[in-house]
Amino acid sequence: MTLKKNKDWSDDLAMLEALLPSSKQNLRRISAMMEGGECPKIAAFGKYNHGKSTLLNALVGKEVFKVADKRETTEVSEFNHDSVIWIDTPGLDADVQGVDDKRAMTAALESADILCLVHNVKAGELDRSEMQLYRKLMKQDRNYSGKMMLVLSQIDQVTPENLEDVENEIRRQLPDLQIFSVSSLRYTRGIQEGKDGFIKASGMKEFLEFLEELKNNIGDTRRREGLRLVRKARVELKEMINHRNADLESAVVNLEKHEKDFWSDFDVARKKIMKRTEDLGLV
Ligand SMILES: Nc1nc2c(ncn2[C@@H]2O[C@H](COP(=O)(O)OP(=O)(O)OP(=O)(O)O)[C@@H](O)[C@H]2O)c(=O)[nH]1
Ligand SMILES: [Mg+2]
């Protein structure tokens, strides 16, 4: 990274956040990139019970993240393996207050260099809440396809025709996003039992190759992302200054008008007093 943190950075960050509240998450992402070490951070993000933790366990090659057939992950957790920090996030749409969603969103927007949007193929097309959250993520950086992909999980649970239908549907919903269709279960079984057929049918090889390429280029990816976010913050700062200037100009115009009105009222009052004084024969 070319960006460097100085000792006053926390103060600068607090000041910038106060000036640009709408850019808070982008500023924190810039900050996270400055603080982050060399290891790329890869996060799984998506609805609860769609297979995020299972996918990460398959990628890591051991049971690190808890898996269950119900809402399970409620906190963001990280695991350092093979020079990668793997991040598991709470499932979306699982708690009424939305606390989990906020935690997951913060990890996705601030911590992740690479973001795997996990969706269970059995659920069919993406639903409204997924689309809303994915669009929010994509808004942060217009080059989102450079760091994000959609992982269709649990493909062992559907027929190939079914899978193709869902892939087409999702391609229509998110045309710019690369899709990887995988079965974490098949992959893990293939590895554990030394069965190449399972590994091949898991779709994980293509996904792993793609992740490897992203990992190898992480320095450049971060640098480009950092530059885009800094540019965005600069534009927002400029817009904010322009708004303030416009407010200031209109305040000055108002003040001038008030001053003019004041002197004109004052003149009328002065004339009235003079007249009254004359009428009373006091001058
Ligand atoms: N058949 C099959 N089941 C899977 C696969 N991946 C995950 N599952 C099952 O799906 C269920 C949910 O998996 P998790 O990995 O806990 O899902 P999650 O998205 O992390 O869920 P939360 O932590 O609640 O957000 C578990 O019962 C898993 O065994 C897969 O590739 N194939
Ligand atoms: Mg989980």
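Listed values, structure above:
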| read-out | value |
| --- | --- |
| Residues satisfying the stated conditions in the stretch 115-141, i.e. over 11 Å from the mean Cα position of the chain (by Cα) and outside any helix (DSSP H, G or I) | Cys116, Leu117, Val118, His119, Asn120, Gly124, Glu125, Leu126, Asp127 |
| Exclusive hit being more than 19 Å from Trp86 (Cβ to Cβ), acidic (Asp, Glu) and modelled with pLDDT under 95, set Asp165, Asp176 | Asp176 |
| Matching residues in the stretch 9-30 - criterion: being touching a residue at least 40 places away in the same chain (Cβ under 8 Å) and either more than 26 Å from Val96 (Cα to Cα) or not in a helix (DSSP H, G or I) (or both) | Leu16, Leu19, Leu20, Ser23, Asn26, Leu27, Arg28, Arg29, Ile30 |
| The stretch 90-114 - residue that is over 17 Å from the mean Cα position of the chain (by Cα) and away from ligand 2 (no atom under 16 Å from the Cβ) and, of those, farthest from Lys232 (Cα to Cα) | Val96 |
| Filter result for the condition that a residue is farther than 30 Å from Pro21 by Cβ, of a type in the set (Lys, Arg) and surrounded by 10 or more Cβ atoms within 10 Å (Cβ to Cβ), over Arg276, Arg244 | Arg276 |
| Subset of the stretch 157-180 [within 23 Å of the chain's Cα centre (by Cα) and of a type outside the set (A, V, I, L, M, F, W, C)] | Arg171, Arg172, Gln173, Pro175, Asp176, Gln178 |
| Enumeration of residues in the stretch 228-267 that are of a type in the set (Val, Ile, Thr) and out of contact with any helix residue (DSSP H, G or I) (no Cβ under 8 Å at 6 or more places or on another chain) | Val235, Ile241, Val252, Val253 |
| Any chance Thr89 is farther than 23 Å from Leu208 by Cα and β-branched (Val, Ile, Thr) | no |
| Evaluation of Ile85 against (1) more than 16 Å from the chain's Cα centre (by Cα); (2) away from ligand 2 (no atom under 16 Å from the Cβ); (3) closer than 20 Å to Asp127 by Cα (one fails), failing number | (3) |
| Candidate set from the stretch 39-79 (those that are touching a residue at least 60 places away in the same chain (Cβ under 8 Å) and of a type in the set (Val, Ile, Thr)); member that is farthest from ligand 2 (Cβ to nearest atom) | Ile42 |
| Segments classed as helices (runs of 4 or more DSSP H), wholly inside the stretch 167-283, with at least 2 members that are touching a strand residue (DSSP E or B) at 6+ places or on another chain (Cβ under 8 Å) and within 23 Å of Ala123 (Cα to Cα) | 204-216 |
| Any hit, the stretch 57-79, residues being within 16 Å of the chain's Cα centre (by Cα) and either closer than 21 Å to Tyr187 by Cα or not polar (S, T, N, Q) (or both) | yes |
| Leading residue by the ranking (modelled with the lowest pLDDT) among those in the stretch 71-83 that are touching a strand residue (DSSP E or B) at 6+ places or on another chain (Cβ under 6 Å) and of a type outside the set (Asp, Glu) | Thr73 |
| Residue match in the stretch 40-62 (condition: away from ligand 1 (no atom under 16 Å from the Cβ), of a type in the set (Lys, Arg), more than 23 Å from Ser129 (Cβ to Cβ) and not in a helix (DSSP H, G or I)) | yes |
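The values are calculated or read from the model by the stated rules, or taken from the named source; none is laboratory data. Here the structure is a predicted model, which means the values were calculated and not measured. Positions of Cβ are backbone-derived with ideal geometry, glycine not excepted, and every protein chain shown enters the neighbour counts.
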